[in-house]
Every structure is written in structure tokens, then in C-alpha cells.
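Visitor: Questions regarding the structure given below will be posed in turn.
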């Protein structure tokens, strides 16, 4: 990692994501100052400031930093060995994450603490936007570490408290009863804080939209991941029309969903990219969890194909969509899973450019940060990634990362890899 007052990237091809349709801006020079893009010019019309770090791109490709919109941050928890999480994310071009669980550990709020460190540029980790504690009803899934909301008063108190602590979102869970879900919606809306997450069984998509839920995770409302999956394709068309006419965002997380279908044997996932950064103990635990879940969740490969068709039809209808991974779930590896999910979306029939949109500017809009991140434009933060190959030709080329730029720092992929190699398992 290095930092400089001025960073100059010369002779670079930019995929800015600021255009509605695919566009490549060739032979540009970008001047970065104080973590922001100061100017973008033709390569032969730029005066280079003194004391600059100059990077000769030689016709390589620049995209906005990737944004994982469904992440669980384990690096900051006093469990296991997840200290390389931030490095794995940066290695894979992820410059922003949406943490879906803030983890109150008594009086401690470790993700909020980490969020402040990234703001102060004292932590080598992507920028963090985070939900607070998971809100549930009994019988709760996480009975010892989630928050039980069983009254209007409790709903009001927890939402005010979460906002004051600095959480960006309220996280709802599928165990909530309808009346308590409605209380959470009421006070979240009154306090101007968005609520996101699962969808209670007793709430349908039309109601979620009515009450103002900001994003649906894991295709909630279309399928139920938390019981034997029963697809009702006859309802998909109506649900898609309702969704596409609304402001609600969809975060499918196929990279998690696919683990629960008999497409591959669980042992085949041991060959997944990035698995070498998990300890043998975590790998074995993950395999057991997936096998156990498959016993009561999994259906057929044809059902999974129907889910991919659903994702394409949501996209094709104009529904708002982002990319998230649910990483740190079993065999869902931070950073690497972002690329796996982008490839999954591409396999659903979504174009390379639109997959990139979901991972950049769409995500920024969902976060309400489209004026700061998500595109490469003058005045925006310089959260950007330098690639060796063109991702418009093949979405897998997003993995051809050479450098990542974040908060005025330059992270060289080879250097990160060298550091990680010394700490494997």
C-alpha cells in the first residue's frame, strides 16, 4: 500500500458506469487528489503536478470499485481467525461493503468501531455501511444475540438507539410477526432510517413495498430459503410486475442459494477459488452445515434453474437490483464470492455491462451514495480498480485486477497476495 498527495493514472481506458449504455472512454488521464477524482482528460492535454505518484496504465481498464451489498463482517469479532477478511476484499476489488449485521456484543459495537476507523483511514478495509442488530420474534433463530421486538415501544426504542449509535440501516428478519414488522416500519420511516433484510412469512412483497422496506435479500417474497423450497411460478409474473413498479431493491445472493441445491456435491466446492484462505477446521464445519441444511432445504436443479429465470425476469422488467454475496456463510469467501456472484448473474442472462452496474452504480444508489461513489467522474471518490483485461468482453475479466485505489491509498494486488501467502491456513 502507498499513498500520495497526487495520484496520476495515464493512458487508461475508462468504463465510468456513468452512462446508461455500454461505453469505453479511451486514452484518458485521471488526476486524483485527496481521495477524489480532480480531473479526467485526454492523455495528451494534462499538466502533471509536481510530487505526483504516476501510474502508466498502458491501455488497461479502469472501473469503479466493487460494492458487496450483503456481507457479514467477521474480522472484528472475537471468534475464529478472520483477520485476512479486509485483504481478501481488497484483493478482489471490493472497496465498499454493506454489513448486514452490526453485532451488539454487550456494550460493544465492533462494526461501528471499524466503520469509524475506515473513515479516519486507519484501517485497511473497504468503506463500511452497516445494519444494526437483527430484529426477531420468538422463537428466534439467534436467540442469544439478536434483539427481540415484541411491542411498539420496543420497536421505537431500538430504532432510535440504532440510529444514534451510527447504524445506517435497520435489519428485519423472517421470524418477525406482522404487527411487530409494521411497528418497525412505522418508526424506521418516522426516523428516516431505512429497513432492509428478510421478509416475514406473514408479509408479502406488495405489503413490504407498502410499508417501505428498502431492500429484499435472498429473493425473499418469491422463495423462502428457510424451509423446504416450494416454487410457485404462477405467482412470479404478478410479483415481478409489482416489484418493477416500485422503489424496492433486490439482492438475490445466488452464490449462497446455489449451495442448497444438488447442482454439485458439497465436496466439489472445495475447489472453489479462495478456499485456500480458509482453515481446514472452518472448511469441515462449513461442509457439515451445508449438508445438514440440504436435508431440509434443497429441492431439484430444475428449481434452481427456475430461480435463475426469476432473476433474469426481474432484471428484464426493470426491477432495481444489486449484487451481494452473504459472504462468511459456509464456503462463501469474502471478495472471491463477489466475482462468483457476478458470474452467476451473467449466467442468468444479464449483460456484462448491466452486471457491472449492479455491482457499482446501482449499489451506490441503493446506499444513497450515488453522488460519492459508483461511477468514475470528476468530484467523486477515487474508489476505483485497475484491470488488465476488458470486463465488457467477458465478466470474468473483472478478476484481472492489478491495483485497487481506496481513500488515497494504492493497493497492489501482487503485494496483497504475497502478504496473504505468508499467512495461509
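What follows draws every value from the coordinates through simple rules; no lab data is involved. This one's a predicted model, so the numbers in the text were calculated from it and none came from an experiment. All Cβ positions, even for glycine, are placed from backbone atoms using ideal geometry, and neighbour counts span all protein chains on display.
Visitor: In degrees, nearest 10, range 0 to 90: what is the angle between the Cα axis of helix 178-190 and the longest Cα principal axis of the chain?
Guide: 40
Visitor: When the chain is treated as a GNM, springs tying every alpha-carbon pair under 10 Å, which of 366, 202, 251 comes out with the largest mean-square fluctuation?
Guide: Of the options given, 202 has the highest mean-square fluctuation.
Visitor: Right, next: Tell me, what is the percent relative contact order of the chain, built from C-alpha pairs under 8 Å that lie six or more residues apart?
Guide: The value is 21 percent.
Visitor: Translational diffusion coefficient, Stokes-Einstein: compute it for the range 113-243 using the Kirkwood radius over C-alpha pairs as Rh, at 4 °C and 1.567 mPa s, and state it as an integer in µm² s⁻¹.
Guide: 82
Visitor: Still on this structure: Dividing the alpha-carbon Rg of the range 227-365 by 2.2 N^0.38 Å yields what?
Guide: 1.09
Visitor: What's the extension gain from residue 41 to residue 351 if we count 0.36 nm per residue and subtract their Cα-Cα distance?
Guide: Length gained between residue 41 and residue 351: 108.8 nm.
Visitor: Sort the following peptides by mean Cβ neighbour count (other Cβ atoms within 10 Å, averaged over residues), highest first: 179-187, 268-276.
Guide: Highest to lowest by the protection proxy: 179-187, 268-276.
Visitor: I want to verify a result. In a Gaussian network model of the chain, Cα cutoff 10 Å, which of these has the top mean-square fluctuation: 51, 327, 16?
Guide: Ranking 51, 327, 16 by mean-square fluctuation puts 51 first.
Visitor: Hey, can you rank 353-362, 19-28, 409-418 by average C-beta count inside 10 Å, highest first?
Guide: 353-362, 409-418, 19-28
Visitor: Using R₀ = 35 Å, calculate the FRET efficiency as 1/(1 + (r/R₀)^6) where r is the Cβ-Cβ separation of residue 178 and residue 22; round to 0.05.
Guide: Calculated transfer efficiency: 0.20.
Visitor: How high is the FRET efficiency between residue 50 and residue 415 when r is their beta carbon distance and R₀ equals 25 Å, given to the nearest 0.05?
Guide: 0.45
Visitor: Taking 20 °C and 1.002 mPa s as the conditions, I'd like the Stokes-Einstein D for the range 132-367 in µm²/s, using the Kirkwood hydrodynamic radius from alpha carbon pairs.
Guide: Calculated translational D: 115 µm²/s.
Visitor: Where the Cα atoms of the chain are projected onto their three principal axes, how long is each span, largest first, in whole Å?
Guide: Over the chain, Cα extents along the principal axes are 63, 46, 46 Å.
Visitor: On to the next question. Which angle between 0 and 90 degrees, to the nearest 10, do you get for helix 110-119 versus the longest principal axis of the chain when only C-alpha atoms count?
Guide: 20
Visitor: Assuming 0.36 nm per residue, please report the length gained on full extension of the stretch residue 305 to residue 370 beyond their Cα-Cα distance.
Guide: Full extension of this stretch gives 20.1 nm more.
Visitor: Related question: Return one number: the angle in degrees, 0 to 90 and rounded to the nearest 10, between the long axis of the Cα atoms of helix 152-165 and the longest principal axis of the Cα atoms of the chain.
Guide: The two axes meet at around 20 degrees.
Visitor: At 0.36 nm per residue, and after removing the present C-alpha to C-alpha distance, how many nm does the segment from residue 122 to residue 294 gain when stretched out fully?
Guide: Residue separation times 0.36 nm, minus the Cα-Cα distance, leaves 57.8 nm.
Visitor: At 222 nm, what value in deg cm²/dmol follows for the chain if DSSP H runs of at least 4 each add -39500 (n - 2.57) and the sum is divided by all its residues, to the nearest 500?
Guide: -9500 deg cm²/dmol, from helical runs alone.
Visitor: Sticking with the crude label model, points 7 Å out along Cα→Cβ, report the distance from residue 77 to residue 145 in nm, one decimal please.
Guide: The answer from the label model is 0.3 nm.
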